[in-house]
1. Among the numbered criteria (1) under 18 Å from the mean Cα position of the chain (by Cα); (2) of a type outside the set (Val, Ile, Thr); (3) within 22 Å of residue 58 (Cα to Cα), which single criterion is violated by residue 187?
2. Please state which one of 127, 166 is among the acidic types (Asp, Glu), within 21 Å of residue 22 (Cα to Cα) and in a helix (DSSP H, G or I).
3. Checking residue 138 against (1) among the hydrophobic types (A, V, I, L, M, F, W, C); (2) within 25 Å of residue 1 (Cα to Cα); (3) in contact with a strand residue (DSSP E or B) (Cβ under 8 Å, 6 or more places away or on another chain), which single condition isn't satisfied?
4. Show the residue pairs that are 6+ apart or on different chains and have beta-carbon atoms under 7 Å apart, the first residue being within the stretch 136-158 and among the basic types (Lys, Arg) and modelled with pLDDT under 85, the second being assigned to a helix (DSSP H, G or I) and crowded, with 21+ Cβ neighbours inside 10 Å.
5. Kindly evaluate residue 103 against the criterion of being surrounded by 13 or more Cβ atoms within 10 Å (Cβ to Cβ), touching a Phe, Trp or Tyr at 6+ places or on another chain (Cβ under 8 Å) and either modelled with pLDDT of 95 or more or of a type in the set (D, E, K, R) (or both).
6. Which ones in the stretch 11-61 are outside any loop (DSSP other than H, G, I, E, B) and among the polar types (S, T, N, Q)?
7. Considering only the stretch 72-93, how many residues are touching a residue at least 40 places away in the same chain (Cβ under 8 Å) and either in contact with a Leu (Cβ under 9 Å, 6 or more places away or on another chain) or among the polar types (S, T, N, Q) (or both)?
8. Of the residues 56, 127, which single one is within 19 Å of the chain's Cα centre (by Cα), under 30 Å from residue 160 (Cα atoms) and among the acidic types (Asp, Glu)?
Amino acid sequence: MKKILINFAHPAKSRSSINKAMRNAVEDIEGVTINDLYDQYPDFMINVQREQALCESHDVIIFQHPFYWYSSPAIIKEWFDLVLEYGWAYGAKATALHGKLTFQAITTGGDSSTYQPEGANQFTLLELTSPFFATANLCGMQTLPPFAVSGVHRGLSSEQVHNHAEAYRRVIIALRDQKISIAEAVEEPTLNFNINTLIKDS
């Protein structure tokens, strides 16, 4: 069984029904640790040793956050700047993160059609999240495409919120139990694009 760390970062989580639903759907799963960065570090004084120990003790590291200005909330940038130290996360002798699986679980205001070359945002989500892929690659990690819920600003029905949360739960459990095709997943635009094909139930 793989151990999964979810670094959750939302500065206004009380106003985000989809992020709350996604978090609630996975926080009771055995082997999953929720690390709420804004709760842990309201002053942004990140405990580097604590965060590095959490990473070392888990096999899959997920960053769940809203997609703010084509990036992440500020505390995730701070986390990257401080936690991913030379000699630990990267460098000739740094192997702490080697082989670990990572991806982002993101929510976007615009719908999926806006994240296309001809759409309002001009770029795909994979293109816009490429700095995350480059960072993970430097650290020797294996990166999956993001689990993405789009169209949040246009409003999601309670049924849509429930369905997205359940899909997130299915992905997390499948990763924990090694029942997801990693080779197929890396070819998808998002991790939840073709979920029924990626998850191998038998």
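The values are calculated or read from the model by the stated rules, or taken from the named source; none is laboratory data. Treat the numbers as computed from the prediction; the structure is a model and nothing was measured. Neighbour counts run over all protein chains shown; Cβ positions are idealised from the backbone, glycine included.
1. Here residue 187 meets the rest and fails (3).
2. Sole residue among the options that is among the acidic types (Asp, Glu), within 21 Å of residue 22 (Cα to Cα) and in a helix (DSSP H, G or I): 166.
3. In the conditions (1) among the hydrophobic types (A, V, I, L, M, F, W, C); (2) within 25 Å of residue 1 (Cα to Cα); (3) in contact with a strand residue (DSSP E or B) (Cβ under 8 Å, 6 or more places away or on another chain), residue 138 misses (2) alone.
4. Nothing qualifies.
5. For residue 103, the condition - surrounded by 13 or more Cβ atoms within 10 Å (Cβ to Cβ), touching a Phe, Trp or Tyr at 6+ places or on another chain (Cβ under 8 Å) and either modelled with pLDDT of 95 or more or of a type in the set (D, E, K, R) (or both) - is met.
6. 14, 17, 19, 24, 33, 35, 40, 49, 52 - these are the residues of the stretch 11-61 that are outside any loop (DSSP other than H, G, I, E, B) and among the polar types (S, T, N, Q).
7. Count: 8.
8. Testing whether each residue is within 19 Å of the chain's Cα centre (by Cα), under 30 Å from residue 160 (Cα atoms) and among the acidic types (Asp, Glu) leaves just 127.
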